[in-house]
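Just so it is clear, none of the values below were taken in a lab; they were calculated from the coordinates. All of these numbers come straight from a predicted model, not from anything done at the bench. Positions of Cβ are generated from backbone atoms using ideal geometry, with glycine treated the same way; all protein chains shown enter the neighbour counts.
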Amino acid sequence: MGGTDVTAVTAERRTGLGLSHLVRTTGGEDGDDTVMGRLQARARRLGRAQPGTAAVLDVFPALRARAREPVSSLAEGDARLLGLAEALIVRPRLLLIDGLSPGLDDASVDVLAAAVRLLLADGTALLLAEPRVHVALAVCGRAHVLRHGRTVAELSASTPDRVRELLHRGGLLR
């Protein structure tokens with residue numbers, strides 16, 4: 001990325017390169033780290049102002065309600081919210097998301113999609129693997145539908161009729 005071999009980059013340098021990640025939904029090295037503590041630590045490492053952490057929590061009210069809870073206690077959906085909250089703080093150049101919508105209700109998906117669109121407008125590139133095509137198209141300007149590792153449809157129109165037509169042509173709908 002930017003001429004840097006990221007395969008050999010240490011965890012400390014990843015943030016400086018503008019790389020971000022979605023958090024795991026299980027414990028691991030998080031230990032007793034709270035949601036608020038995680039976001040504040042991320043902002044501190046980047047030299048960002050603490051009010052930024054509060055602003056990110058304003059975007060995700062579900063996280064604000066769990067701010068003092070351990071990261072390891074988060075359900076899958078809330079962990080996705082936290083991961084994207086971290087990405088808003090980091091403002092990465094490239095964001096990889098493996099599933100934006102699983103484990104979330106429609107309202108939370110809408111909030112996440114809006115946050116991702118903000119990152120995209122700020123210059124972040126996105127690679128999104130998303131099982132719900134309409135969610136992917138609500139976020140991205142272009143989508144490729146893969147089947148067995150090959151593109152079977154390229155989608156750029158977000159109309160449901162066009163999506164159905166392309167997926168049917170690609171053999172993904174009957």
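Calculate, in nm to one decimal, what residue 127 and residue 147 gain on full extension: separation in residues at 0.36 nm each, minus their alpha carbon distance.
Working: separation 20, 0.36 × 20 = 7.20 nm, distance 1.68 nm.
Here the segment from residue 127 to residue 147 would lengthen by 5.5 nm.
What is the mean projected area of the alpha carbon convex hull for region 36-134, to one decimal in square nanometres?
On the way: hull surface 24.4 nm².
Averaged projected area of region 36-134's Cα convex hull equals 6.1 nm².
Of all the Cα-Cα pairs you can form in region 53-96, what percent are over 16 Å apart?
Details: 310 of 946 pairs.
Cα-Cα pairs of region 53-96 separated by over 16 Å account for 33 percent.
By the scheme Lys and Arg +1, Asp and Glu -1, what is the net charge of all other residues having a beta-carbon under 15 Å from that of residue 125?
Details: positive: 91, 93, 117, 142; negative: 122.
Residues close to residue 125 contribute a combined charge of +3.
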